[in-house]
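J.: My questions all concern the structure below.
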């Protein structure tokens, strides 16, 4: 017994919801209040900043670094959690992630598009390779970020006006 309380039991199906309120501070720094609001409650304070290219002070990681870090951390978390549930021995784990975007100047601004997402998984285990492969397959299906990236998504944007909210196409 470790003295730590048991994690809360999850229902067979649930909606997982996060919210984030970002506030611009300084030159390009953003302070983020991130909250899981269902099925449990958790709160985190994060920050992003940009380097000189965008006029920032590089006082925090840029959003893309956090994105790639979150993708890597998500699959690593799922591999470690699922290894226990699937009885796969895991004595070491490393993941190397490469993400590329196309970037095109459009006058004084630019446009981007995703190009590639690659993740190399290094597992130290005495179990059969087939068991390790199945662990990674299951972990991919349990990784919220990877599942989000793997499908077409609709992201709505609205702007507040004196008359109320206006959708931006």
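Where a number appears in this text, it was derived from the coordinates with a stated rule and is not lab data. Predicted, not measured: the structure shown is a model, and the values here were computed from it. Please note: Cβ atoms are built from the backbone with ideal geometry, for glycine as well, and neighbour counts cover all protein chains shown.
J.: Using only the Cα atoms of segment 8-61, build the gyration tensor, take square roots of its eigenvalues as a ≥ b ≥ c, and label the shape rounded, prolate or oblate: rounded if a/c is under 1.5, else prolate if a/b is larger than b/c, else oblate.
T.: Values: a/c = 4.04, a/b = 3.58, b/c = 1.13.
Taking the square roots of the gyration eigenvalues as a ≥ b ≥ c, segment 8-61 is prolate.
J.: Top mean-square fluctuation among 55, 150, 107, Gaussian network model of the chain, C-alpha springs under 10 Å?
T.: So, out of 55, 150, 107, the one fluctuating most is 107.
J.: With a 10 Å Cβ neighbour count serving as the proxy for reagent exposure, in which order, fewest first, do 122, 144 appear? Display every interim value, and only then the final one.
T.: Values: 122 9, 144 13.
The order, fewest Cβ neighbours first, is 122, 144.
J.: Could you point to the label whose value was computed as P(r) over Cα pairs in 5 Å bins from 0, in percent for the structure here, given (1) 1, 8, 17, 23, 22, 17, 9, 3, 0, 0; (2) 1, 7, 14, 16, 15, 14, 11, 9, 6, 3, 2, 1, 0; (3) 1, 6, 10, 14, 17, 18, 14, 9, 6, 3, 1, 1, 0?
T.: After the calculation, the listed value that fits is (3).
J.: With runs of 4+ DSSP H residues as the only contributors, calculate the mean residue ellipticity of the chain at 222 nm using -39,500 (n - 2.57) per run, divided by the residue total and rounded to the nearest 500.
T.: On the way: 3 runs with 43 residues, N = 169.
About -8000 deg cm²/dmol.
J.: Ok, one more. Could you work out which residue, out of 114, 12, 62, moves most in a Gaussian network model of the chain, that is, has the largest mean-square fluctuation with Cα springs under 10 Å?
T.: So, out of 114, 12, 62, the one fluctuating most is 12.
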